[in-house]
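For reference, the structure is listed below as structure tokens.
Read-outs: derived from the displayed coordinates by stated rules, not from any lab. Keep in mind it's a predicted model, so treat the numbers as computed, not measured. All Cβ positions, even for glycine, are placed from backbone atoms using ideal geometry, and neighbour counts span all protein chains on display.
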Amino acid sequence: MISQFFVLSQRGDHIVFRDYRGEVPKGSAEIFFRKVKFWNDDEAEEAPPNVDGVNYIHVKVAGLFFVVTTMVNVSPSLLLELLQRIARVTKDYLGVLNEDSLRKNFILVYELLDEVIDFGYPQTTSTEVLKSYIFNEPIMVDAGRLPPLGPAAMFMQGTKRMPGTAVTKSVVATEPGGKKREEIFVDIIEKISVTFSSSGYILTSEIDGTIQMKSYLSGNPEIRLALNEDLSIGRTRSSSHDYRSSSGSGTVILDDCNFHESVHLDSFDIDRTLTLIPPDGEFAVMNYRITQEFKPPFRVTALIEEAGPSRAEVLLKIRAEFSANVTANTITVQMPVPSYTMRASFELEAGAIVGASEHTLRAKLTFSQESHGNITKEAGPVNMNFTIPMYNASKLQVRYLQIAKKSKTYNPYRWVRYVTQANSYIIKDIQNSIKEC
Amino acid sequence: MAPTAPTAAKSASPSQPSGKSEVADLKQQLRQLAGSRAPDADDQRRDVFKRVISCMTAGIDVSAAFGEMVLCSATSDVVTKKMCYLYVGAHARAHPDLALLTINFLQRDCRDQDPTIRGLALRSLCSLRVPNLVEYLVTPLTTGLKDPSAYVRMIAAVGAAKLYHISATACIDADLPASLKALMLSDPDAQVVANCLHALQEIWTLEAASSEAAAREIETLYSKPVVFYLLNKIKEFSEWAQCLVLELASKFLPSDNNEIFDIMNLLEDRLQHANGAVVLATIKVFLHLTMSMTDVHQQVYERIKAPLLTLVGAGSPEQSYSVLCHLHLLVMRAPMLFSSDYKSFYCQFSDPSYVKKLKLEMLTAIANESNTYEIVTELCEYAGNVDVPIARESIRAVGKIALQQYDVNAIVDRLLQFLEMDKDFVTAETLVLVKDLLRKYPQWSHDCIAVVGNISSKNIQEPKGKAALIWMLGEYSQDMHDAPYILESLVENWDEEHSPEVRLHLLTAVMKCFFKRPPETQKALGATLAAGLSNTHQDVHDRALFYYRLLQYDPNVAERVVNPPKQAVSVFADTQSGEMKDRIFDEFNSLSVVYQKPSYMFTDKEHRGPFEYSEDLTNLTVGAETTENVISAQRYQENDNDLLLSTSDKEDNGTRASNGSSTSTYNAPSDLIGSSLISSQTPAETSLINTIGPTSSSQSNFSLDDLLGLGVTESPAPSPPVLSLNSKPVLDPGTFQRKWGQLALALSQECSLSPQGAASLMNPQSLIRHMQSNYIQCIASGGQPPNYKFFFYAQKDGATAFFLVECIVNTASAKAQLKIKADDGTAAEAFSTLFQSALSQFGLS
């Protein structure tokens, strides 16, 4: 039972505020905002705050706080999923989700909230069903001027953003031409986590993937989405972390996956085809997790050369192991250096890396004190962050995307896009050598 | 929607308006628009309304404009209508008289052609929350529940719950719950069904406090026909409604294993749902259904592992955290089932620190012989982490694993390596751990001390680390060559050391050292005591004074006090009791899991829904809380009568009186009764109560009992050879619950009832009376045909030992499942025989 729902800006302004049950005392939004501000500064507290019997549950989407309050002991996952869904439905209607678009369309958001929650009980969150109850026309904000938001809000981490975003158009807005463009977007988004040892041996690896869909097709045609034929699901327990045995074979093995409720799995076991009638708006068709070893996109070697007692040189080699027609961008490489480092000078900074190339970063460090013999203990690990469009680490492919045809001339645009992002890309140990000088 | 009127133009974008002048301005404009028939009046109205709502959102008090808003409310524009309803709903309570003006057009809209308008009006009508308008609600609600449009029925169902909150009597008198129930079991629209269920649960839960009929109605919600009806339709429901139905199913008491497997097969594919809330709700059903089947329960753990890990990887950090908290709970319950998945709990670079903290705890829990090496290696990596709090946690985790006794040898080496890292906080944390390790494994002292002795106390800034080092210096001063001199230098720097904790430790350490190496320490001891005595901190001062006088009195006594022979600590106290953990597990898929405390610790009583367990004993039984309350209360009633009647047995009267008082303290949260208080109850206290009992007024007993909050046990007497039961045992619910949580299962058996007995078990009371005549008391009961659940207790005659029984009776099969726990495990077998014979006699007399 939800008591209130509100959206706060980063400064704590109310953008929308809806009280469903009138049981939470006044000032809840302020209490929440103070708590969260305080909480961000001091990480000692991690549970969502409970103040005077009021539970505050929030998600942060596009820099905004989506918050619900409740007096009862409800399922936190239910509320968090609901908040994410409200954010997503709102985005479906407004095209772009940010403070500006919400402020311009707050009356429409109130309309949505009226239907999504009644007396604190979640009702429908289907973009399509809601259409018949929404009477406001969305007021579009200029999407070009704004930083584009990712196809999934979950990729919004700070200022990092996804390239190649799905179009930012509302599901209800009529376009200037009057006719809606028939198109469908399928994004395969993979977050990868890899840990390497110093010798380049993979210690742990995991892929968290999502097949995201955004449909602008009219008349709800049925869609068939075919995945790799040799895809297999579920790994026996004994081999679940045996990385050596599974590499080499070409099959994609998912540890586990889950599906959107519109997906029919009738033929999935036979030919790995998902059948679904996509609901309007954006949604995850399928989430999957892979711990099978895969070919990592980058090989990184880190070396510290000690050049005398108070100087050292860091050598970072990054080799892109993907094909040359793919370019990785938004790359950052982090390497903590000893705390007594006074000065560091760099020779090269990489911004984007083209496939099959190698880059070297050289940094000269000067220390304020003599190192205690083992610099490598004080430095590292190296952490890398990147986004590689049109590349997927798991080799999971959409073989084809078939749309049930209404007529011969009906040929909607189909976009299938891949992107791989680093979630945690760590090179643990750093090699050490002593430079003779 | 460009504003056409000049008045509206100046606020085309609804920015944050400011204060009173704005409201006055809005009122003015509304008044002008009220009667306006201008062609653009609708557009203007829209804009002004929008500004009003914008003010409302920003928290500005716009209630002053209520009258004007109502005047403008007659409009055919749906968007304006909605804004008006939103406004009226928020402010009607403050203006009940003016709200009456809105009733008219709302009622008219409730009869509109368009179902959307009808629904909208009905929802707004019910949201007014004005008590004196109740009479206008009942008719539209009753019609609404029968509306041809599912949308309207759906709103009407929730509307009934709203009405109940405004006026419970109006809702009950109109017989709305009955209509809701009928609708729930017949409506073709899944959302209508779900809303009926929401409303019924809310109404009946609140109503149950005063009405037994409502309590029975709640039970019917958990009955097989309702649960199976809803479960069979599960795929028709929206994902949110699915969660509701699953929650209901998790409280269902299946009558046999086939039902359990039917439900699990039906819900198997729910574990593949992309919505984490659905998956967690399904897991709850699986876990709770299989509680009594150990093997299957374990298989459930295996089955749910993969979906949970997938959910952790998908979704926002907030969602992952919620799922991870649940995973954490399961890992803590059954660490060995997760020991091969340890790599899944390795911290990732991008994990927020609250996630890392949970993962560290899980890694600590699942460490066993086979994976300790890998886990500790990983944890040691984190110790060098730039994130200092996590580095600290990692070091602590290594220490905890060492205390779990796996591969201590290697871990001690690792810990000692930490000391070589030469980072202040690492050294400090490690010292604390080494200290704890030495308390458990004194045999390692030799290795540790060699390394610890090399640490300069000057390099340690943190009081905790410094205190740990000082403790070791004192404790092992005979093995550490420099100990007296290090201590001496610390004493010399007394003034620079501000932490009372360090000073206290220093006092004790110097004392210890003195008794081991007197000539070397004597000077330091004098200086320490002098410094301590002149200290302004009360504790430091007092301890110095205490040592000083102790030494003055008799140095031998002082040595016995300061340096007694110590036993190695075998187990460090767990911070959370097993019972607490069980209760959190009962509340799986709720905030309890995230907060890591049971719901009664953070929710008000009035806000505990039908699914919440209350803090009193009734939570041991499933569902049907209210009947149990009633029964328990009745039982106490009887005891009270006993108290009035029995005048012969005075000592019994004394204890009886204190038991009688527990009717008043019955609902006190059990955590108020600190378990330490109870366990520390000394014979002296018992005898105190017993002696007061017969002589003083019962009033004093009441207050004493309130203070202690416990059932008083009788003084031990020589026990008779054959097991006979105390005819009037006394055990209060709090103690029962605590005992039930603490004691191990002594016996678990299945036995049969006589067919007559099974047939005559129409309600719990009949069996309770029968067992009472056999000196077996019931403390709580619940359930409905064919399943009943009872908690009984009995006491060995003349002894303090209690027997606790959980008894689940199935009248259809005439079988009963017994779980017996006993203070005195040796007598459990005899008691079981006695209990079974009593049970088999039921219905035959």
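In whole percent, what relative contact order does the range A:1-126 give with Cα contacts below 8 Å and a gap of six or more residues? Write down the numbers at each step before the final one.
Working: 180 pairs, mean separation 37.0, N = 126.
Relative contact order of the range A:1-126: 29 percent.
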With labels modelled as points extended 7 Å from the Cα through the Cβ direction, what inter-label distance (nm, one decimal) is found for B:A178 paired with B:E520?
9.2
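At a Förster distance of 56 Å, what's the computed FRET efficiency of B:S837 paired with B:Q107, Cβ-Cβ distance as r, to 0.05?
On the way: r = 68 Å, r/R0 = 1.21.
According to the calculation, E is roughly 0.25.
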Spin-label point model (7 Å from Cα, Cβ direction): what's the B:Y229 to B:Q298 distance in nm?
4.0
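Which whole-number percent is the relative contact order of the range A:380-437 (Cα, under 8 Å, 6+ apart)? Intermediate results must be reported in sequence, preceding the final value.
On the way: 51 pairs, mean separation 35.3, N = 58.
Relative contact order for the range A:380-437 comes out at 61 percent.
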FRET efficiency estimate (nearest 0.05) - Cβ-Cβ, B:E259 to B:S570, R0 41 angstrom
0.40
Scattering from the C-alpha atoms of the range B:395-506 alone, worked out with Debye: what is log10 I(q)/I(0) at q = 0.17 1/Å?
-0.76
Considering only C-alpha atoms, what is the centroid distance from the range A:73-115 to the range B:472-550, in Å?
63
Using Cα pairs closer than 8 Å and at least 6 residues apart in sequence, work out the relative contact order for the range B:377-437, in percent.
31
Karplus-derived 3J(HN,Hα), 6.51/-1.76/1.60, for each residue of the range A:86-99, Hz, glycine and proline x:
4, 4, 6, 5, 4, 5, 4, 7, 8, x, 10, 10, 7, 4
Pull out the extension gain between B:E236 and B:Q404, defined as 0.36 nm times the separation in residues minus the alpha carbon to alpha carbon distance; nm, one decimal.
55.6 nm
R0 = 25 Å: FRET efficiency of B:R769 with B:L743, Cβ-based, nearest 0.05?
0.40
Could you check the spin-label model distance between B:K458 and B:S489? Points 7 Å from the Cα along Cα→Cβ, value in nm.
0.6
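Pulled fully out, how much extra length does the chain show between B:Y373 and B:D582, if you take 0.36 nm times their separation in residues and subtract their Cα-Cα distance?
Details: separation 209, 0.36 × 209 = 75.24 nm, distance 3.08 nm.
Full-extension gain reported as 72.2 nm.
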The extension gain from B:V557 to B:M762, computed as 0.36 nm times the residue separation minus the Cα-Cα distance, is 67.0 nm
Explain nothing, just compute: Karplus ³J(HN,Hα) = 6.51 cos²θ - 1.76 cosθ + 1.60, θ = phi - 60°, for every residue of the range A:423-431 in order, whole Hz, x for Gly and Pro.
9, 7, 10, 10, 10, 6, 9, 10, 6
re the range B:304-398: pairs of Cα atoms spaced beyond 23 Å account for a percent value of 19
